[in-house]
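Taking it in order: structure first as structure tokens, then the write-up.
The values are calculated or read from the model by the stated rules, or taken from the named source; none is laboratory data. Values in this document were obtained by computation on a predicted structure and should not be read as measured data. FYI the Cβ positions are ideal-geometry reconstructions off the backbone, even for glycines, and counts take in every protein chain you see.
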Amino acid sequence: MIELRKTVERVAHSIHRRGLTHGRTGNLAVREGARILVTPTGVSLADVSANDLSVLDADGRHLDGPRPTKEAFLHLAVFRARPAAQAIVHTHSVHAAALACLADLDHDEPLPPLTAYYGMRVAPLQLLPYFAPGDEAATSAVEQAATLSHALLLRNHGPVIAGVDLDSALDALEELEHTAQIFFLTSGMRTAPLTAQNLAALQSPTPQEPNA
């Protein structure tokens, strides 16, 4: 599916251009039938090519293309937990990563629902404990958290967001990053997060992959 590969290239370049990742960090994955396309290891998202994606099977076996990102297991775990998800975006975007470094975060609500679009596209956000990048010991924790939400925040690392397609996953990632920025801008001030009733009213069908 050349169009799907071109979409991976387009979204990867867009993520880098928008400053949602840096250097050679961040990775994407999409389902292609029974196979998984993943961005390769050691390649900046600015340089991802439609013709040079890693191809894995559902068990993570490398079938074709360059060596996959060492974080491919994160994508596979989320795909197992969320059959409706067709795409996943993982970055180290600045404000979301900064949030992941804060002490004493509320495990059940690490980021207050400050905006309606955060409520629609992200919430609830699941906070995971720290695992070293590439540590496959995180697999079970990621898979369990992904059964509860399409939006995960890895401690001292960054966000992992699933969607029905890459554009929806990117929309949610940007909303998480934007809300984290608002959170830091209002630090020390009284804020008025959305209530549970407000959030419930927002949970009508939306383009992103369902939260639960």
Next item on the list: Out of Val122, Val94, report the one residue that is over 14 Å from Ala172 (Cβ atoms), crowded, with 17+ Cβ neighbours inside 10 Å and modelled with pLDDT of 95 or more.
Entry: Val94
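Working only within the range 175-195, note down all residues that are more than 30 Å from Ala85 (Cβ to Cβ), in a loop (DSSP other than H, G, I, E, B) and not β-branched (Val, Ile, Thr). Working first, answer last.
Looking only at the range 175-195, we keep the residues that are more than 30 Å from Ala85 (Cβ to Cβ), and these are 185-192.
The next check asks that each one be in a loop (DSSP other than H, G, I, E, B); those that pass are 186-192.
Listed by number, the residues that qualify are Ser187, Gly188, Met189, Arg190, Ala192.
Run down Ala172, Ala96 and say which single residue is assigned to a helix (DSSP H, G or I), in contact with a Pro (Cβ under 8 Å, 6 or more places away or on another chain), of a type in the set (A, V, I, L, M) and under 30 Å from Arg5 (Cβ atoms). Steps first, answer last, please.
On the way: Ala172 fails: in contact with a Pro (Cβ under 8 Å, 6 or more places away or on another chain).
Just one listed residue meets the conditions, Ala96.
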Check: Mind checking which pairs have a first residue in the range 47-58 that is hydrophobic (A, V, I, L, M, F, W, C) and a second that is surrounded by fewer than 22 Cβ atoms within 10 Å (Cβ to Cβ) and part of a loop (DSSP other than H, G, I, E, B), Cβ under 7 Å, 6 or more apart or different chains?
Finding: Leu53/Gly65; Val55/Gly65; Ala58/Ala34
Checklist line | Conditions (1) under 28 Å from Leu148 (Cβ atoms); (2) not in a loop (DSSP other than H, G, I, E, B); number of the one not met by Lys6 | finding: (1)
Next item on the list: Would you tally the residues in the range 15-27 being more than 19 Å from Asn156 (Cα to Cα) and crowded, with 16+ Cβ neighbours inside 10 Å?
Entry: 2
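One line per residue, one yes/no per condition, for (1) small (Gly, Ala, Ser); (2) within 16 Å of Glu136 (Cβ to Cβ); (3) crowded, with 24+ Cβ neighbours inside 10 Å:
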residue: Thr41; (1), (2), (3): no, yes, no
residue: Ser44; (1), (2), (3): yes, no, no
residue: Asp47; (1), (2), (3): no, no, no
residue: Ser54; (1), (2), (3): yes, no, no
residue: Asp57; (1), (2), (3): no, no, no
residue: Arg61; (1), (2), (3): no, yes, no
residue: Gly65; (1), (2), (3): yes, no, no
residue: Pro83; (1), (2), (3): no, no, no
residue: Gln86; (1), (2), (3): no, no, no
